[in-house]
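Just so it is clear, none of the values below were taken in a lab; they were calculated from the coordinates. None of the values given here were measured: they were computed from a predicted structure. When we count neighbours, we look across all protein chains shown, and the Cβ atoms used for this are built from the backbone with ideal geometry, even at glycine.
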Amino acid sequence: MRTSTIAGIVAAVIVALGIVEIVRPVSRPALALRIPHTAHVSGPPLRLPWPSGVQAEVAVTGVGQSAQHGPAGPRPIGSMAKMMTAYLVLKAHPLGLYANGPTLIVTPRDAAIYQSDAATSQSVYPVKAGERLSERTLLEALLVPSGNNIATMLAEWVGGSVSRFTAEMNATAKSLGLTQTHYHGPVGLNPETDSTAQDELHLAMILMKNPVFRQIVAMPQMPVLGTGKITYNYNYLLGHDGVIGVKTGSTTDSGGCVVLARNVSIGSKTVTEYAAVLGQPATPSQPSQLWGALDDAKALVDSLAHSIKETTLVSPDTVIGRLTVPWQHAVPLIATRAVRLLAWPGLSYSLSTRIHVPTATSVPAHTIVGTLTVRLGNQTATVPVETATAIVPPSLKYRLLR
């Protein structure tokens, strides 16, 4: 009888323990991600017609920027300095898209500077003492015919003096991250005004966000007020094949320089391409160093347009991770649709996830559990993430034997 009592107790304990195991919560599924934080667009390396011995760089708004090609370090930039001159004028005196802004009266000093600059064959815009010119007209004269006298006039208006304005140019360059840019005046003639293709391209892209600047640099010509004459932009590509800017420079020290911008359609999207070229010399086949720089820049954006494509960075059903479930096979987590962004081979992009790990012991297949976000340049795409298979309830055997 004592033996049967003990056996009964043991049996009762076993039953109790079994009940405890059955009702005790099971372990929660664990998440294991399989995607990297950063990746690179696959494909053959970007091959562009980089000009030999010349500093150059390309970029596409919202997509990315190439590494600088050619000789390293700052070099003279000529009249490309006037991009910063325009930046500071518009910063001090913002213009509405169709506004003319304040009116300036040309002083005898302004007229004398024009005569002096013209006498040495500089780029000028004709002015005469007592003439009234709006801010917009002066900005057009600065950026279209690249008037050196206008750069001086605007610098004295905004800065009070050329020296104070120049100090502001250099302080602003530093604040904008133009780490290899130095200005020796608002005009650009002095060879100590130097920069890099990378910095000039960066500044141009900032300026092109301003609709007034963008409108002006697209002008192939402008009238000389009160004369019936026309003055022309040095960028002969403007208005052709989507070219919309930006600025040229050409001196004996700088060689031919340009930042070129053009709009191009890629699939269903329109983007702006940029190419910066600094230091193009004259050659027997192209005696104009500036035209040589423009030709180089055009060749770069033409080639780049063929390299940019809407690229699949994440395919549908790509496994981005797994839920490790103790009582069954792991459950793959998959992207529900493709991620396609504008890109060219070699560009880096980032991937991030927000996953809610289920606590339920039963989850149907194709249940949305989070999102996958892909970022490349200014482009962002987010797609849902779902379970590829179901989480089924743990069996009685698993609960008893775990």
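Is the shape of the stretch 205-313 best called rounded, prolate or oblate, per the rule: a/c under 1.5 gives rounded, else a/b larger than b/c gives prolate, else oblate, with a ≥ b ≥ c the square roots of the Cα gyration tensor eigenvalues?
Details: a/c = 2.26, a/b = 1.28, b/c = 1.78.
Oblate, since a/c reaches 1.5 and b/c is not below a/b.
If you count, for each residue, the other Cβ atoms within 10 Å and average over each peptide, how do 110-116, 324-330 line up from highest to lowest? List each step's numbers first, then the result.
Details: 110-116: 17.7, 324-330: 14.9.
Highest to lowest by the protection proxy: 110-116, 324-330.
By how many nm would the segment from residue 30 to residue 164 grow when fully extended, if each residue of separation counts as 0.36 nm and the alpha-carbon distance is taken off? Numbers along the way, then the final one.
Details: separation 134, 0.36 × 134 = 48.24 nm, distance 6.29 nm.
Once the chain is fully extended between residue 30 and residue 164, it gains 42.0 nm.
Considering only the other residues whose Cβ falls under 14 Å of the Cβ of residue 351, what net charge follows from Lys and Arg at +1 and Asp and Glu at -1? Present the calculation step by step, with values, prior to reporting the outcome.
Working: positive: 34, 354, 375; negative: none.
Neighbour charge sum, excluding residue 351 itself: +3.
Rank the residues 164, 214 as a footprinting-exposure proxy: fewest other Cβ atoms within 10 Å of their Cβ go first.
Least crowded to most crowded, the residues run 164, 214.
What nm value, rounded to one decimal, do you get for the distance between residue 115 and residue 38 when each label is placed 7 Å out toward the C-beta?
6.0 nm
Arrange 46, 342 by Cβ neighbour counts within 10 Å, fewest through most, would you?
Details: 46 17, 342 21.
If I rank by nearby Cβ atoms, fewest first, I get 46, 342.
To the nearest 0.05, how large is the calculated FRET efficiency for residue 337 and residue 360 if R₀ is 25 Å and r is the Cβ-Cβ distance? Before the final figure, lay out each step's value.
Values: r = 25 Å, r/R0 = 1.00.
Here the calculated transfer efficiency is 0.50.
So how do 283, 387 line up by other beta-carbon neighbours within 10 Å, fewest first?
Numbers: 283 10, 387 21.
Sorted ascending by nearby Cβ count, the order is 283, 387.
Under a crude label model (7 Å from the Cα following the beta-carbon direction), how far is residue 52 from residue 105 in nanometres?
Those two pseudo-labels are separated by 5.8 nm.
What is the helix-to-structure angle for 82-92, meaning the angle in degrees between its Cα long axis and the longest Cα principal axis of the chain, kept from 0 to 90 and rounded to the nearest 10?
80 degrees
Among the listed pairs 247/309; 91/269; 91/247; 91/229, which have their C-alpha atoms separated by more than 23 angstrom in this model? It would help to have the intermediate numbers written out before the result.
Values: 247/309 27 Å; 91/269 31 Å; 91/247 19 Å; 91/229 30 Å.
Too far apart for the 23 Å limit: 247/309; 91/269; 91/229.
Residue 258: net charge of surrounding residues, Cβ under 11 Å, Lys/Arg +1, Asp/Glu -1, itself excluded?
Values: positive: 247, 298; negative: 200, 295, 296.
It works out to a net charge of -1.
May I ask you to evaluate 6.51 cos²θ - 1.76 cosθ + 1.60, the Karplus curve with θ = phi - 60°, for each residue of the stretch 140-152 and list the ³J(HN,Hα) values in order in whole Hz, giving x for glycine and proline?
So the J values, rounded to whole Hz, are 5, 5, 6, 9, 8, x, 6, x, 5, 5, 6, 4, 5.
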